[in-house]
Amino acid sequence: MTILQIHFQAWDRQETQRHFADANKTIKKIMQMNDPASIDLFLPQARHTSWSRRCAAVEVLGSFADSRCIGTLINALDDDKYFVRHSAACALERFGGHDVEEALSRYREKSFSLDMKLLMDARTFWSERIGAAENIAKLHGRRGAQVFIQILTNSNDHQDVRAKIAEILGDLGDRGSVGALIRVVDEKSGSGALQTNAMIALSKLCSKESGFLSKVRHWKIRRCLMRAARKWYLKDTAMRLLSDL
């Protein structure tokens, strides 16, 4: 039995026992080996009923510039699980060819509605929703800004999802989100991570503006940061951002 087969059996056992952290470590070891024999082992796993197995298979297959993997990776773009679709898209970006480019183009067009549906479903696991938000921002820019703002201002939504969206809005430079970000910073029950990300996003938006509206928003943002500086857990960040305005 080869070292690769030993690692594969260990991974298979860890997946069966749902020891996912250990399974991820084992997959990294397999990928580091860069053994082409991995392809034959993981091609069947890409069709497994378990999404974590399918995702691992896509990651391994995508690490090889082998034409045998392309068909499986293209099929994975239609997977019902975000992590599998996203891993397949990232893997295919390393390949060339008309078929791959055509498949990625279709994926980008279809991904907006799929990722938006995923993001708006509060029952979906929070890390998957964050991944969907990042994918929307990466592929579609400000197209999802209104939904981002809607989720950001929903105090009942998951705090980590809201915090990531605050960060995304700052990176996108969406000026229409200034009011929502200010309301988040002013929340009495908001988490420190969420409010910190909202403050940083506001400072980014402030630096990207110009003209009369910039002066108005600049004043509002400054006042918001001054209020935040009164909260002990936001004081240091707020004071640093104020000094940079």
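Observations on the structure shown:
- Cβ crowding within 10 Å ranks M1, M226 as M1, M226, fewest other Cβ atoms first.
- Comparing A198, F95, H7 along the charge dipole axis of the chain, the residue lying farthest to the positive side is A198, per the Cβ-charge model.
- Greater than 23 Å apart at Cα, pairs in K138/K235; K164/K235; K25/K117; K164/K215: K138/K235; K25/K117; K164/K215
- Candidate cross-link partners of K28 among the lysines, defined by an alpha-carbon separation under 18 Å and a same-chain spacing of 8 or more, are absent.
- For the chain, the longest principal axis of the alpha carbon atoms and the long axis of helix 192-208 meet at an angle near 70°.
- Rounded tilt (10° steps) of 159-172 against the dominant C-alpha axis of the chain: 80 degrees
- Within the straight-line cut-off of under 16 Å between alpha carbons, the aspartates and glutamates reachable from K204 are E167, D171, D174, D244, sequence neighbours fewer than 8 places apart in one chain being disregarded.
- Where (i) 87, 48, 35; (ii) 67, 39, 31; (iii) 56, 47, 39 are the candidate values, the label of the one calculated here for Cα extents along the principal axes in Å is (ii).
- Under a model in which nothing but the beta-carbon of Lys, Arg (+1) and Asp, Glu (-1) is charged, the chain shows a dipole of about 1380 debye around its Cα centre.
- Shape of region 1-95, Cα gyration tensor, a/c cut at 1.5: oblate
- Potential extension, H218-S191 segment - 0.36 nm per residue separation minus Cα distance: 7.3 nm
- Set of aspartates and glutamates with alpha-carbon distance to K81 below 13 Å, sequence-local pairs under 8 removed: D115, E128
- Estimated 222 nm signal from helices in the chain, with DSSP H stretches of n ≥ 4 weighted -39500 (n - 2.57), rounded to 500: -22500 deg cm²/dmol
- Each label was represented as a point 7 Å from its Cα along the Cα-to-Cβ direction; for L242 and R106 these points are 5.6 nm apart.
- Relative to the longest principal axis of the Cα atoms of the chain, helix 3-16 runs at roughly 60 degrees.
Read the figures in this text as sums done on the coordinates, not as results from a lab. In this text the structure is predicted, and so the values were computed from the model without any measurement. Cβ sites come from the backbone with ideal geometry, for glycine too, and all protein chains shown count toward neighbours.
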